[in-house]
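Q: Sending over a structure as structure tokens; questions will come in a sec.
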Amino acid sequence: MRLAIMVGAKGRGSNMQAILRACKSGRLDAECGVVIAPREDVPAVSIAREMGAEVAVISPDESHYAEALLDILELERVDLLCLAGLTRLLPVEVVRAMPGRILNIHPALLPRHGGKGMYGLRVHQAVLDAGDKVSGCTVHYVTEEYDEGDILLQMTCPVEEDDTAETLAARVLELEHECYVKAIQMWIAHRYGIGRNASL
Ligand code: GRF
């Protein structure tokens, strides 16, 4: 089973790193074919290379963006595409080419606090403004709309009285790394049969 990880314009890459580590350690019964980044200079690119992963830099501003993505996914024989940190929608051609085979992670408990423009600290500020006592993260299937696909896995954490968007973001991010790896394990177990999810 081969996966690809696609990072966004900020490309911090911490979810990517968690997934790459899980592939290397054997916790995930998967190998990473390629990390796709929008620019050469995002931090995720150097982290991926240091970890021995293949990197493809494909700019969303390219005129044949969708084709370029589809080409690399086909070339690398990718079974599952994992998005981490994209702020724009994936081209519909890609979504349609891989039904049920694209996952994303969102740093809140969808369907709360999702949708266009809801990324980064804005999400955590919205959680604080709403007075939620619990937050967390969601791994969901990717569709043609923002944050609307079926939910595969959620994990929760408390919102503390004195939280700022930053402190809440840090707590949720730690949870994301665990949640994304578990969700991928679940996806593999579902797709390839029982017996592969022993450590769930
Ligand atoms: C994460 O908070 C994720 O939930 C969201 O974008 C952020 C990416 O962070 N979709 P990182 O690049 O994986 O550190």
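Values quoted throughout were computed directly from the atomic coordinates according to the rules given, and no laboratory measurement underlies them. Please read these numbers as outputs of a predicted model, since none were measured by experiment. Ideal geometry is used to build each Cβ from the backbone, glycine not excepted, and the neighbour counts take in all protein chains shown.
Q: Relative contact order for the range 1-142: what is it in percent, counting Cα pairs under 8 Å that are at least 6 residues apart?
A: Computed over the range 1-142, the figure is 24 percent.
Q: Still on this structure, please answer the following. Please build a GNM for the chain, connecting alpha carbons under 10 Å apart, and tell me which residue among 142, 92, 42 fluctuates the most.
A: Ranking 142, 92, 42 by mean-square fluctuation puts 92 first.
Q: Under 12 Å from the Cβ of residue 139, count the other residues' Cβ atoms, weight Lys and Arg +1, Asp and Glu -1, and hand me the total.
A: Computed value for this residue: -3.
Q: Once fully extended, how much extra length lies between residue 27 and residue 49, figured as 0.36 nm per residue of separation less the alpha-carbon to alpha-carbon distance?
A: So the chain would gain 5.9 nm between residue 27 and residue 49.
Q: So for the chain: antiparallel DSSP bridges make up what percent, rounded to the nearest 5?
A: If I count the DSSP bridges inside the chain, around 40 percent turn out antiparallel.
Q: How about residue 182: which lysines have a C-alpha closer than 22 Å to its C-alpha, ignoring those fewer than 8 places off in the same chain?
A: 24
Q: Expressed as a whole number of Å, what is the distance separating the alpha-carbon centroids of the range 146-164 and the range 31-46?
A: Going from one Cα centre to the other spans 26 Å.
Q: Rounded, prolate or oblate: which fits the range 2-192 when a ≥ b ≥ c are the square roots of the eigenvalues of the alpha-carbon gyration tensor, with rounded for a/c under 1.5 and prolate only if a/b beats b/c?
A: prolate
Q: Hey, what number do you get for the chain at 222 nm if only DSSP H runs of n ≥ 4 count, each worth -39500 (n - 2.57), divided across all residues, to the nearest 500?
A: -12000 deg cm²/dmol
Q: What are the DSSP H helices in the chain that stretch 20 Å or more along their long axis, judged by alpha-carbon atoms, and whose average Kyte-Doolittle hydropathy comes to at least -1.0?
A: Membrane-span-like by this rule: 165-192.
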